[in-house]
Amino acid sequence: MQHIAMLVYPGFTALDLIGPQTAFGFLEDVQIHLVWKTLDPVTTDMGITLLPTASFATCPEEVAVLFVPGGVEGTIAVMKDAEVLDFLSARAGQAGYVTSVCTGALVLGAAGLLRGYRATTHWAFREVLPLLGAERLDARYVEDRNRITGGGVTSGIDFGLRIAARMQGDEVAQRAQLIMEYAPDPPFQAGTPESAPAALVERMRGMAAPAVAEARRAAEQAQARW
């Protein structure tokens, strides 16, 4: 039996978790743990409430996959949370893969787990990665040794399928993709800064600027822990 530890925390983005969790759910002999400090309900940034299945104390020490989802305010908060960062650091040393989707990479980085690794995150926050010792790549997902990071939100499905293939082979991942009927055909080509209208991208960058600045400050504070 292999164990997958997926961090949950107040204010994370549900789809960051649910996409890869669905892909992992098709793996054989795997137990998925939704992990937080306690077993108390956790509410996402969109108001969905879920129950952790393991605490930091009860999560298995050896995990095949250690995973962190992203968000905005909730993510910046856990970037500064010593208990969360200590948990991630402890489990990462015995994890097969240390992974994230979206701004979850900033949490891994705050724990010192991306130093010297290539990584990606949500396009609006990629500028923060070098502050955390990572080499920034603008990509849907990035693999560097046992670090696998996904870009923004929906990249979690691609990311999840890639890890499924690494763990149990391409056919298992392809089966999951087929059952999920994952064949993206969006109504607009606006999913990246390169494809979206330039004026829209600039407006969104302006809206994200305060959160990016706060994430930069959190990254600078995290450096003192290393």
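Using the alpha carbons of the range 40-174, what is the convex hull volume per residue in cubic angstrom, as a whole number?
116
Taking amide hydrogens as modeled 1.01 Å from N in the peptide plane, which residues meet the under 5 Å criterion relative to Tyr117, leaving out close sequence neighbours?
Answer set, sorted by chain and number: Glu135.
Which of Val101, Leu178, Leu137 sits closest to the plus end of the dipole of the chain, meaning its Cα is farthest towards the positive end, when Lys and Arg get +1 and Asp and Glu get -1 on the C-beta?
About the Cα centre, the residue reaching furthest to the positive side is Leu137.
Can you bin the range 1-115 into rounded, prolate or oblate? Criterion: square roots of the alpha carbon gyration tensor eigenvalues sorted a ≥ b ≥ c, rounded for a/c under 1.5, prolate for a/b above b/c, oblate for the rest.
It is rounded, given that a/c, with a ≥ b ≥ c, falls under 1.5.
Please compute the contact order of the range 26-161 in relative form: average sequence separation of alpha-carbon pairs under 8 Å and at least six residues apart, divided by the residue count, as a percent.
RCO, the range 26-161: 18 percent.
For Arg126, Arg140, Arg216, write out the residues from largest to smallest accessible area, computed with a 1.4 angstrom probe and no ligands counted.
Ranking Arg126, Arg140, Arg216 by accessible area, largest first, yields Arg140, Arg216, Arg126.
Could you give the spread of the C-alpha atoms of the range 21-80 along their three principal axes, from largest to smallest, in whole angstroms?
35, 25, 20
Given a 1.4 Å probe and heavy atoms of the protein chains only, how would you sort Lys80, Lys37, largest accessible area at the top?
Numbers: Lys80 95, Lys37 65 Å².
If we order Lys80, Lys37 from most to least accessible, we get Lys80, Lys37.
Kirkwood-based Rg over Rh for the range 49-119 (C-alpha set), two decimals?
Checking Rg against Rh, the ratio lands at 0.94.
Pull out a ≥ b ≥ c, the square roots of the eigenvalues of the alpha-carbon gyration tensor of the range 146-200, then state rounded if a/c is under 1.5, prolate if not and a/b is larger than b/c, and oblate in the remaining case.
The shape class here is oblate.
Mind checking the dipole of the range 136-179: about its Cα centre, +1 per Lys or Arg Cβ, -1 per Asp or Glu Cβ, Debye to the nearest 20?
Numbers: 7 positive and 6 negative charges, 26 e Å.
Roughly 120 debye, rounded to the nearest 20.
Which whole-Hz ³J(HN,Hα) couplings does the range 198-205 yield from phi under the Karplus relation 6.51 cos²θ - 1.76 cosθ + 1.60, θ = phi - 60°, glycine and proline marked x?
Per residue, the Karplus-derived 3J(HN,Hα) values read 4, 5, 5, 4, 5, 4, 5, 4 Hz.
Which value, in Å³ per residue, describes the convex hull spanned by the Cα atoms of the chain?
115
Please state the relative contact order of the range 94-176 as a whole percent: Cα pairs under 8 Å, 6+ residues apart?
With pairs under 8 Å counted, the relative contact order is 29 percent.
Please compute the per residue accessible area over the range 1-128 with all protein chains in place, 1.4 Å probe, rounded to a whole number of Å².
36
Quick one: ranking Ile48, Ile157, Ile4 by accessible area, 1.4 Å probe, largest first, what do you get?
From most accessible down to least: Ile48, Ile157, Ile4.
So what are the ³J(HN,Hα) numbers for the range 179-187, from phi and the Karplus equation (6.51, -1.76, 1.60; θ = phi - 60°), rounded to whole Hz, Gly and Pro as x?
Once rounded to whole Hz, the list reads 5, 6, 6, 8, 9, x, 8, x, x.
Show the residues, 5+ positions off or on another chain, whose built amide H is closer than 5 Å to the amide H of Gly25.
none
Whole angstrom only: what separates the Cα centroid of the range 25-45 from the Cα centroid of the range 165-224?
The range 25-45 and the range 165-224 have Cα centres spaced 21 Å from each other.
Using only C-alpha atoms and all pairs of different ones, pull out the Kirkwood radius for the range 78-130 in Å with one decimal.
Mean inverse Cα-Cα distance, inverted, gives 11.3 Å.
Can you pull the percent of the chain's accessible area that's carbon plus sulfur, 1.4 Å probe, other chains left in place?
Working: 5520 of 10410 Å².
Looking at the chain in its full context, I get 53 percent from C and S.
The values are calculated or read from the model by the stated rules, or taken from the named source; none is laboratory data. In this text, all values refer to a predicted model and were calculated from it rather than measured experimentally. For neighbour counting, all protein chains shown are included, and Cβ atoms are generated from backbone atoms with ideal geometry for every residue, glycine included. Just so you know, the surface numbers come from the protein's heavy atoms only, side chains and all, with ligands and any DNA or RNA stripped out. Shrake-Rupley method; radii C 1.70, N 1.55, O 1.52, S 1.80 Å.
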